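Taking it in order: structure first as structure tokens, then the write-up.
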Amino acid sequence: MALTYEEFRKYKVTQRPYPKDMERLFNVKKAMAKFKIKTVSELAVKLKIKRTILNEIINGTRRSPVNEKRIAAFFKMPVSELFPPRTQDEIAEMNKKEQERNKGAA
């Protein structure tokens, strides 16, 4: 569902934190299972990346092309397969959904 211009202006994201990207999370968790890595902490040790930063990258709330390449190389996968590129419209739509979810939880 496309956002209206007003919605796009309201929900666009120009800096961190970005909205959670469940597809990224699913892709990385699937790769971790394939490599028999049980936790993000275990993956962080193998990659020598702080767990909190790795968690943000996996969730999509932090963009880090350098670390995304490192993670993809570790799993021997293309970066775009693990971390699908997003347009500004897609990010705004994810942000809108996240804000609506957060309102319902409050």
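Every number in this text was worked out from the coordinates using simple rules, so none of it is lab data. This structure is a prediction, so every number in the text was calculated from the model and none was measured. Methodologically, a virtual Cβ is constructed for each residue, glycine included, from the backbone with ideal geometry; neighbour enumeration extends over all protein chains shown.
Would you mind working out the magnitude of the charge dipole of the chain relative to its Cα centre, with +1 at each Lys and Arg C-beta and -1 at each Asp and Glu C-beta, to the nearest 20 Debye?
620
List, largest first, the extents of the alpha carbons of the chain along their principal axes, each in whole Å.
Principal-axis extents of the Cα atoms in the chain, largest first: 44, 30, 22 Å.
So, in nm, how far is label Lys69 from label Lys50 when the simple model puts each one 7 Å beyond its Cα toward the Cβ?
Result for the modelled spin labels: 2.2 nm.
Sum -39500 (n - 2.57) across every DSSP H segment of at least 4 residues in the chain, then divide by the residue count to get the 222 nm mean residue ellipticity, nearest 500.
It lands at -19000 deg cm²/dmol.
Scan around Asp21 for amide H atoms under 5 Å from its own, H built in the peptide plane at 1.01 Å from N, and keep only partners 5 or more places away or cross-chain.
Gly60, Thr61
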